[in-house]
Amino acid sequence: MFNIILFGPPGSGKGTQSERLILKYGFKHLSTGDLLRSEIARQTPLGIEARNFMDKGHLVPDEVVIGMISSAVDNHPDAKGFLFDGFPRTEKQAEALDNLLKMKNTGIGVVLALDVSESELVKRLLNRGLTSGRSDDTNEEIISSRIAEYHKKTSAVADYYKQFDKVVYVKGEGSVDQIFDALCSEIDRRLS
Ligand code: ADP
């Protein structure tokens, strides 16, 4: 089993690249953002709770997200590998993920971190807001709050995995194809 974390700030292209990576490598895609939006759409208690945080651009509490990922992993016992997108977003989530994977005798193979400048992030998110139907993409204040959460809580996740020498930075600006090729070459190097 080979598991990947696709890491980077909001708007760095994790969703776009994940779609292509799962097609090429057959990973099971686990995006906490997508899972949370599906809970909201189904108006589950978890979704109703999560929505209050997401609408403000704040992170959803660790316990909620960790429980959700834990069942998602359990629901796919035959996966040949997981691609985690938007998770972990705090050090506590990273530790929980490591424990979860350890219990399944596996771990994280590599953390691919997309590097994108802040002005480009805001531009992309506002642009996405025109068509995505995501309310957290239409308001510049909420976008800033999401980027601030990233700096305050999520960038520590990269430091956490650096101690295990698992982090590789990939330039997240350029064409979608160029970025995809760069990600694939990092994955291929580790799979072979
Ligand atoms: P983006 O990375 O563009 O912000 P996501 O779809 O990954 O988009 O996340 C949208 C929102 O969902 C976040 O702003 C946050 O409120 C919530 N969220 C997603 N993943 C997590 C997580 N791992 N921990 C806490 N909150 C999360």
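The values are calculated or read from the model by the stated rules, or taken from the named source; none is laboratory data. The structure displayed is predicted, hence computed values, not measured ones. Heads up, the Cβs are rebuilt from the backbone with ideal geometry, glycines too, and the neighbour counts pull from every protein chain shown. When the accessible area is computed, the model is the full protein with side chains, heavy atoms only, and any ligands, DNA or RNA have been set aside. Shrake-Rupley method; radii C 1.70, N 1.55, O 1.52, S 1.80 Å.
Restricted to segment 73-158, the set of helices (runs of 4 or more DSSP H) holding at least 1 residues that are out of contact with any Leu (no Cβ under 8 Å at 6 or more places or on another chain) and open to solvent by less than 20 Å² (accessible area, probe 1.4 Å) comprises 91-103, 118-132. Among the residues of segment 118-159, the ones that are closer than 20 Å to I40 by Cα, in contact with a Pro (Cβ under 8 Å, 6 or more places away or on another chain) and among the aliphatic types (A, V, I, L, M) come to 1 in all.
Cβ-Cβ contacts under 8 Å between residues 6 or more apart (or on different chains), taken from a first residue in segment 47-67 that is more than 10 Å from the ligand (Cβ to nearest atom) to a second residue that is not in a loop (DSSP other than H, G, I, E, B), are listed as G47/L36; G47/S38; G47/E39; G47/I40; G47/A41; I48/I40; E49/V64. For T16, are the conditions met, namely being polar (S, T, N, Q), touching a residue at least 12 places away in the same chain (Cβ under 8 Å) and surrounded by fewer than 18 Cβ atoms within 10 Å (Cβ to Cβ)? Yes: the conditions hold for T16. Checked against the criterion of being more than 26 Å from L126 (Cβ to Cβ) and either of a type in the set (D, E, K, R) or touching a Gly at 6+ places or on another chain (Cβ under 6 Å) (or both), the candidates D55, D78 yield just one match: D78. The set of residues in segment 165-183 that are in contact (Cβ under 8 Å) with a residue 24 or more places away in the chain, within 27 Å of L97 (Cα to Cα) and either open to solvent by 50 Å² or more (accessible area, probe 1.4 Å) or part of a helix (DSSP H, G or I) (or both) comprises K166, Y169, K171, I179, F180, L183. The residues of segment 20-48 that are surrounded by fewer than 15 Cβ atoms within 10 Å (Cβ to Cβ) and either part of a helix (DSSP H, G or I) or out of contact with any Lys or Arg (no Cβ under 8 Å at 6 or more places or on another chain) (or both), listed by number, are L23, K24, D34, S38, A41, R42, Q43, T44, P45, I48.
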